[in-house]
1. With the convex hull built on the Cα atoms of the chain, state its orientation-averaged projected area in nm².
2. What whole number of Å gives the distance from the Cα centroid of region 82-115 to the Cα centroid of region 159-181?
3. Can you compute log10 of I(q)/I(0) for region 211-359 with the Debye formula, treating each Cα as one identical point scatterer, at q = 0.15, 0.19, 0.21 Å⁻¹?
4. Roughly what angle does helix 47-105 make with the longest principal axis of the chain, taking Cα atoms, 0 to 90 degrees, to the nearest 10?
5. Sort 337, 64 so the one with the fewest other Cβ atoms within 10 Å of its own Cβ comes first.
6. Going by alpha carbons, how many degrees (0 to 90, nearest 10) lie between the helix axis of 176-203 and the longest principal axis of the chain?
7. P(r) for region 120-203, please, calculated from all Cα pair distances in 10 Å bins and given in %.
8. Cut-off is 10 Å between beta-carbons; in what order do 236, 329, 95 appear when sorted fewest neighbours first?
């Protein structure tokens, strides 16, 4: 059996053609002489007529066999040419897909195939290109993550290395402040590694989730109480939702998202301003929002803030802020619970509102 698709298609077409020709030949040879005899007719009891009919019948059968042989040869030649063309036409896009898949397997994620084939082949090409786009995006994000992680780890590692070298050489005194600084840097590294691990598990849908009916307003109040002291110390009015509103979610993960939103809001809100946490029903969804009166976001920052290691203020130190992937974890957690997370802002200097939407319970 031939191994290439084109050869297999050719053989299949030829087998079908040969079967059709054989069927036609057998049918003609079996029924042709009888029809011919009926059409010619002869007088019974006439020896001369019977001899003429027999001779004519033999001549007709011989001519018919010759005609069938000639027709078969012509049909085979025609079928071979047509089969070659059709097989090549059918195999071409599939071969192109196979070659493109091979190049993608080799790391060329920008590979695409033409989308112009009809019906199933066209749908296959579209699906293949969508897969290639997804793989290219995944590879881009992987490379970006590696670069971001290397960049973010460099600063604390450099600090640790410098102080350890100073302690070893006796240049830096082993004072409580020195040990406190070293401890701070190691805690920063630990937090970053833990956040990265959680983000990876969330995006890979490998975080254990306990989905149940959850009172989102109660969770928001519970988490908000933990930030009330810091808000009061800065004269920030922290407004928490009243009543009850149930959604289908993981209570601990919702608390984690609300905590992240409030932490960001307090970090950017000016003293004496207001932070408002609201929960409302929108159709079949429950929407939680955390609004602040901070510096706000530009239009191009609304999506960027949910990317790993993105900083609204590039000059802000990680030691002052978080690990830089909190909002990326928020979005991954929201999507894992069949919800979504996003941000809105009227513009820079006008505050921002961060949303979490989950299926109503």
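Where a number appears in this text, it was derived from the coordinates with a stated rule and is not lab data. In this text, all values refer to a predicted model and were calculated from it rather than measured experimentally. Here the Cβ is made from the backbone with ideal geometry for all residues, glycine too, and neighbour counts use every protein chain on show.
1. Spelled out: convex hull of the Cα atoms, projected over all directions, averaged, 34.2 nm².
2. About 61 Å separates the Cα centre of region 159-181 from the one of region 82-115.
3. The calculated log intensity ratios at q = 0.15, 0.19, 0.21 Å⁻¹ are -0.73, -1.19, -1.43.
4. The answer is roughly 10 degrees.
5. Least crowded to most crowded, the residues run 64, 337.
6. Relative to the chain, helix 176-203 is tipped by roughly 30 degrees.
7. 15, 29, 21, 16, 10, 6, 3, 1
8. If I rank by nearby Cβ atoms, fewest first, I get 95, 236, 329.
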